[in-house]
Amino acid sequence: MGFEIRQAEVKDLVWVNSTYKTIDFLPSTLENEIVAIASIDNIKVGLGRIAVVDRHSCELGGMYVNPEFRRKNVARKIVEYLLQHAQKRIIYCIPFTHLSSFYESFGFRKIKPDISTPQKIKKKLEFTKKTYKEPTLFLVMRR
């Protein structure tokens with residue numbers, strides 16, 4: 001099984017955004033973000049992204065693995081790849097609640113938004129509450 005993770009390019013945006021559209025995730029532009037694409041035997045099977053929030057922080061999100069490729073560590077490898085590219089001290093993440101232990105295994109911790117939470121992240125939290133039936137968490141990793 002030939003596994004690969006690579007950074008998305010402009011030519012990949014149609015696939016990236018059509019995948020995100022099917023799961024009601026916000027589209028990508030590749031501006032101020034790195035999108036990782038996971039492939040097995042040259043078949044795109046998953047993706048995720050890390051987006052700049054401000055000069056001190058970024059957000060890990062947009063994680064998706066095609067159902068038939070789940071439980072094969074694809075999501076773990078995508079997160080590891082993206083965390084290597086996170087140049088910021090604070091990494092925010094707003095996953096679905098059932099994924100809590102997965103993200104906590106990387107060092108993310110549950111917190112409550114406060115005055116120091118960037119406005120961009122607060123807006124994303126509001127978006128998730130309005131858009132998804134499944135509850136989400138607010139996690140942070142400080143490096």
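Since every read-out is calculated from the coordinates, none of them should be taken as a lab result. Values in this document were obtained by computation on a predicted structure and should not be read as measured data. Every residue, glycine as well, gets a Cβ built from its backbone with ideal geometry; the counts of neighbours run over all protein chains shown.
If you take just the strands (runs of 3 or more DSSP E) that sit entirely in region 1-78, which of them hold at least 2 residues that are among the small types (Gly, Ala, Ser)?
Numbers: elements: 3-7, 33-40, 43-54, 57-65.
Passing ranges, in order: 33-40, 43-54, 57-65.
Report yes if Glu126 is without any contact (Cβ under 8 Å) to a residue 24 or more places away in the chain, over 18 Å from Val52 (Cβ atoms) and either out of contact with any His (no Cβ under 6 Å at 6 or more places or on another chain) or part of a strand (DSSP E or B) (or both), otherwise no.
Against the criterion (without any contact (Cβ under 8 Å) to a residue 24 or more places away in the chain, over 18 Å from Val52 (Cβ atoms) and either out of contact with any His (no Cβ under 6 Å at 6 or more places or on another chain) or part of a strand (DSSP E or B) (or both)), Glu126 qualifies.
Select from region 93-123 the residues that are assigned to a loop (DSSP other than H, G, I, E, B) and β-branched (Val, Ile, Thr) and write down the one among them that is surrounded by the fewest Cβ atoms within 10 Å (Cβ to Cβ).
Taking region 93-123 as the starting set, the residues that turn out to be assigned to a loop (DSSP other than H, G, I, E, B) are 94-95, 105-108, 111-118.
Of the ones still in play, those that are also β-branched (Val, Ile, Thr) are 94, 111, 115, 117.
On the way: Ile94: 19, Ile111: 14, Ile115: 4, Thr117: 18.
Checked region 93-123; the qualifying residue surrounded by the fewest Cβ atoms within 10 Å (Cβ to Cβ) is Ile115.
Spot the failing condition for Ile90; the list is (1) surrounded by fewer than 18 Cβ atoms within 10 Å (Cβ to Cβ); (2) farther than 26 Å from Phe3 by Cα, and only one is missed.
Result: Ile90 fails condition (1) only.
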